[in-house]
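See structure below.
The values are calculated or read from the model by the stated rules, or taken from the named source; none is laboratory data. Computed from a predicted model, the values in this text were never measured in an experiment. Cβ placement follows ideal geometry from the backbone for every residue including glycine, while neighbour counts extend to all protein chains displayed. Remember, those area values only see protein heavy atoms, side chains included, never the ligands or the DNA or RNA. Shrake-Rupley method; radii C 1.70, N 1.55, O 1.52, S 1.80 Å.
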Amino acid sequence: MSNSNLTSSDPTRVLSDRLNQNCFCVTLDRRSLCEALEQEAGDPEFCERFIRPKAHLFSNVPVFLSASQVAEMQKVVAAIEQTARLTAYKAAVFSWAPKISREDHGPAGALMGYDFHLGEDGPRLIEINTNAGGAFLNALLARAQRTCCAEMDLPIKPHAFEDAAFRMFQNEWMRQRGNGAIRRIAIVDDRPEEQYLYPEFVLARQALAARGVDAVIADASQLRVEAGRLSLEGKPIDLVYNRVTDFAFDRPEHKALRDAYRDGAVVVTPNSYNHALLADKRNLSILSDPALIESWGLEPKLLAQLRSVPRTVLVTPENAEDLWKSRKALFFKSTGGHGGKAVYRGDKVTKGVWAEIKGGGYVAQTLVRPSERMIRIDDAFQPRKMDIRLYTYDGQVLLVAARLYQGQTTNFRTPGGGFAPVFVVRS
C-alpha cells in the first residue's frame with residue numbers, strides 16, 4: 001500500500017504524502033487533552049474514568065492532507081447530496097427502504113459522516129454514515145495538538161465546532177417545527193454508558209447545556225410517549241440526537257421512539273429518512289452507476305465527482321459466482337451492518353463466510369486499499385492504515401478527522417492507532 005499518487009503535479013500533495021511517511025513528531029499533548037476534556041465535561045475525574053482506560057482511542061500523530069485533497073472530498077459530498085435530491089434517485093432508494101423511512105419530517109440529518117480512502121487517483125468514498133461517532137471528541141483532540149510546522153493548518157477551526165453543532169440542532173428543529181425554541185434535547189442510544197464513545201455523549205451534553213439547552217443522555221428503552229409527547233422520566237423531550245443503530249426503530253425497546261418519530265411527536269436527528277436517503281449501503285450501487293444517474297439528468301460536473309465512489313453492486317444469486325471468482329479485488333459489506341461489523345475483504349473470505357454472503361444482504365465494493373501513515377513505537381517504524389472522515393451537516397463540512405488502524409476495518413484496538421487530527425498542507 002502507498003499514499004496517494006506521489007507523481008502528482010500538486011506540490012502540496014507530494015509534501016503531505018512525504019510527511020505521512022516520514023514525519024514522526026509526537027504532537028498530541030495528552031495532559032492538555034485531559035484538561036480540556038475535564039473542563040468541557042465539568043468533571044475532574046472524566047479523563048481517569050473514560051479516556052485513560054481506552055488506550056487506543058487517540059493516536060499521538062496527525063495525518064497530513066493537501067488542501068486540494070480536502071477540497072476534492074468536499075466536492076464529492078456536495079455531488080452526492082445533490083444527487084439525493086433527484087426524484088428518480090429517491091424512488092430507487094426508497095424502493096428498498098423500510099416503510100417508516102419514507103416520510104420526510106424535515107431534518108437534514110445531524111453529523112453525517114463521509115468516509116474516504118486516499119486512492120492512487122485521489123480520494124475514494126467508501127461509506128456514508130448517519131450518526132457518525134467521534135465529532136465532539138475530535139474537536140477537542142484538535143485543540144490539544146502541538147502544530148509541527150508553520151505551513152500546516154486545521155481545515156476547520158476546531159474552537160468553533162461546538163457553536164456550529166448547536167446551530168445545527170437549532171436548524172434541525174426549525175426544519176421540522178418552523179418556529180419556537182428547543183428546551184430539551186435527549187442524546188439517545190442503547191445502554192449509552194456501555195458504549196465505547198460514551199465520553200462524547202457527555203461532551204455533547206455539556207456543549208448544549210453551556211448554550212442554554214437542557215440536555216440529557218438517555219437509554220432508548222427508558223423513553224415513553226405521554227400525552228402525545230416523547231418523554232423521559234415524565235419530562236417532555238423536544239429533540240432526540242439519535243445514536244441508535246436500529247435505523248428503522250424495529251426493536252421492541254425502541255417502540256416509544258418509533259411511535260413518536262412516526263407521528264411527528266418529537267424531532268429526531270439523524271433519523272430513518274436520513275439513513276435511507278444517504279447511508280443505506282445499497283445506495284452505493286446507484287451512486288457508483290454513472291450511466292444510470294446520467295439518465296436521470298444530473299449535471300456533468302456533479303456526475304464527474306461521483307467517479308470517486310468505487311463501483312458497488314448488490315450480491316444476488318445471479319452474480320454470486322462471478323463475484324466469488326473476482327473476490328480478491330472486492331470488499332463485501334452487510335447492508336445491515338454498521339461500525340465495521342460484518343465486512344470482509346475478498347481475499348480473506350472463507351467458504352463458510354461466502355455461504356452467508358451469497359445468500360444476500362450484502363454489497364460488493366471494488367477494493368480501494370487505504371493509504372498509510374507511518375508511526376514510531378519504541379523506536380520502531382510501523383505502518384498504520386488510515387481513512388479520512390468528513391463530518392457534515394446539510395452538505396457542509398463541520399470537521400475533518402482521520403482514523404489509524406490495523407486489520408480489515410477501522411477499530412480502536414491498534415497500538416498507535418485511533419482518532420487523529422488532520423493537518424492541511426497549504427501552498
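I want the local charge near Glu103. Using Cβ-Cβ distances under 13 Å, sum +1 for each Lys or Arg and -1 for each Asp or Glu among the other residues.
Neighbourhood net charge equals +3.
Would you mind getting me the FRET efficiency between Gln408 and Ala78? Use the beta-carbon distance for r and R0 = 41 Å, nearest 0.05.
The formula returns an efficiency of 0.90 here.
Can you pull the percent of the stretch 1-108's accessible area that's carbon plus sulfur, 1.4 Å probe, other chains left in place?
50 percent
Over 17 Å, how big is the tail of the calculated P(r) for the stretch 1-111, in percent of all Cα pairs?
So the portion of pairs separated by more than 17 Å is 74 percent.
More than 27 angstrom separation, counting every C-alpha pair in the chain; what % is that?
Result for the distance tail: 53 percent.
Rounded to the nearest 0.05, what FRET efficiency do Arg175 and Arg369 have when you use their Cβ-Cβ distance and R0 = 56 Å?
0.90
For the residue pair Asp394 and Asp29, what label-to-label distance in nm results when each label sits 7 Å from Cα along the Cα-to-beta-carbon direction?
Each label point lies 7 Å from its Cα, and together they span 3.5 nm.
Would you list the P(r) distribution for the stretch 212-368, with all Cα-Cα distances sorted into 10 Å bins from 0 and each bin expressed as a whole %?
In whole percents, the pair-distance histogram is 10, 30, 24, 22, 14, 2.
In the Gaussian network model of the chain, springs joining C-alpha atoms below 10 Å, which of Gly180, Gly346, Gly133 carries the largest mean-square fluctuation?
Among Gly180, Gly346, Gly133, the largest GNM mean-square fluctuation belongs to Gly180.
Of the listed pairs Lys281/Lys358; Lys351/Lys385; Lys235/Lys255; Lys90/Lys333; Lys325/Lys351, which have alpha-carbon separations greater than 20 Å here?
Lys351/Lys385; Lys90/Lys333
Could you calculate the contour length gain from Arg49 to Lys351, that is, 0.36 nm times the residue separation minus the distance between their Cα atoms, to one decimal place in nm?
104.4 nm
Return the whole-Å distance between the Cα centroid of the stretch 102-116 and the Cα centroid of the stretch 257-297.
Going from one Cα centre to the other spans 7 Å.
Once you place label points 7 Å from the Cα toward the Cβ at Trp296 and Asp322, how far apart are they in nm?
2.2 nm
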